[in-house]
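In what follows, a single structure is set out as structure tokens and then discussed.
What follows is calculated from the coordinates using simple rules that are stated; it is not laboratory data. Because the structure is a prediction, the values reported are computed rather than measured. Please note: Cβ atoms are built from the backbone with ideal geometry, for glycine as well, and neighbour counts cover all protein chains shown.
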Amino acid sequence: MSRVPSSLSSRLLCPLPLLVIVGPTASGKSALALRLAEYFQAEIVACDALQVRAGLPLLTAKPTQDELSRIPHHLIGAFPADEPATAARYAESADRAIADILSRGRRVILCGGTGLYLRALCEGLVATPPADPDLRARLRKEAEEHGLPTLHARLSAIDPESAARIAPADYVRIERALEVYEQSGRTLTDWHREHQAERAQGPRYQTIRIGLDPGPERLRERISVRTKDWLAQGLCQEVADFAAVAGPMRFPPLGYEQTLRYLAGALDAESLQIEICQKTAQYARRQRIWFRSEPDITWFAMAQEVNPQQIAM
């Protein structure tokens, strides 16, 4: 298990390492986190963009009431259902939860499949200014009237390094780079360079990282079994009840729109299950790619292979 060298500890928010459990959806992370939390007398902090949103406990794979009663969990359903929690907002909330847990003499386990959350929490984010709707509307109007190449040319004059990285047709990134410069008077390159210098001082937290990845074929089987279980436990009723109150969602979780189509008669039961499994498998593939590029993760195929006695907490 990897530890961060102690020479980097001056930037750490706490001297004790966080135990981090990552991997694709349906790989068994939650069950493993629960077992290790009981062993280490730890509490669990969600690191998952679906679990931190309120509502739809089945569809977002939240811990059951029995699991919540066994071990304290933090940030489960902490953010509005139809408002994605940004990585910065998540990190602020996780910082508070971690400080609270440590103040009571308990250890911390982070568990989830959102790699950007983990990176934001442990490494920090580029502290650029927040989005400005009025400025973005003006930039979009300029792009419509004068063409995107005009905005890219302006970026090239202001920040040639960013312009070289951003494709001339990538409006979203061009807009953001210009927005940051107009708000702060500093280029996006400058902001990133400053962040890299901060990262060189060391991480915000020490971590011991465990990854679960059964492999694509076994993962598809697990996704299929889990989807069948959800449907048997009342997934369709859960979505129907939620939609009756919340209405259409701007940022629906996987399976939400498919279930609404089933409820409207546009899908039969078999097609519903197939589509949810397909969408989930695609999401799991993206998670696997992300985490496989992350350093210092000790990988296991199954949760049963993880021996807590071998974890140097």
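Summary table
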item: Amide H within-cut-off set for Leu267, under 5 Å, with H built and near neighbours excluded; result: Tyr262
item: Cα gyration tensor, the chain - rounded (a/c under 1.5), prolate or oblate; result: oblate
item: For segment 261-269, Karplus couplings with θ = phi - 60° (6.51, -1.76, 1.60), whole Hz, Gly/Pro x; result: 5, 5, 5, 7, x, 8, 9, 8, 4
item: Global form of segment 272-313, assessed from the alpha-carbon gyration tensor, a/c cut-off 1.5; result: oblate
item: Amide proton proximity set for Trp299, modelled H, under 5 Å, gap of 5+; result: Gly211
item: Least to most buried among Lys62, Lys141 (fewest other Cβ within 10 Å first); result: Lys141, Lys62
item: Karplus (6.51, -1.76, 1.60) ³J(HN,Hα), θ = phi - 60°, over segment 93-100, in Hz, Gly and Pro reported as x; result: 5, 5, 4, 5, 5, 5, 4, 5
item: Sequence-distant residues sharing a close amide H with Leu110 (under 5 Å, placed H); result: Leu19, Val20, Ile21, Val45
item: Residues Ile274, Ile44, Ile166 arranged by fewest to most Cβ contacts within 10 Å; result: Ile274, Ile166, Ile44
item: Test item: Cα-centred dipole of segment 133-199, Lys/Arg +1 and Asp/Glu -1 on Cβ, debye; result: 100 debye
item: Potential extension, Ala232-Glu270 segment - 0.36 nm per residue separation minus Cα distance; result: 12.4 nm
item: Total charge dipole magnitude, the chain, about the Cα centre, Cβ charges on Lys, Arg, Asp, Glu only, Debye to nearest 20; result: 720 debye
item: Which of Asp48, Asp95 has the fewest Cβ neighbours within 10 Å, and the rest in rising order; result: Asp95, Asp48
item: In sequence order, calculated HN-Hα J values of segment 136-143 (Karplus, 6.51, -1.76, 1.60; Hz; x Gly/Pro); result: 5, 5, 5, 5, 5, 5, 4, 4
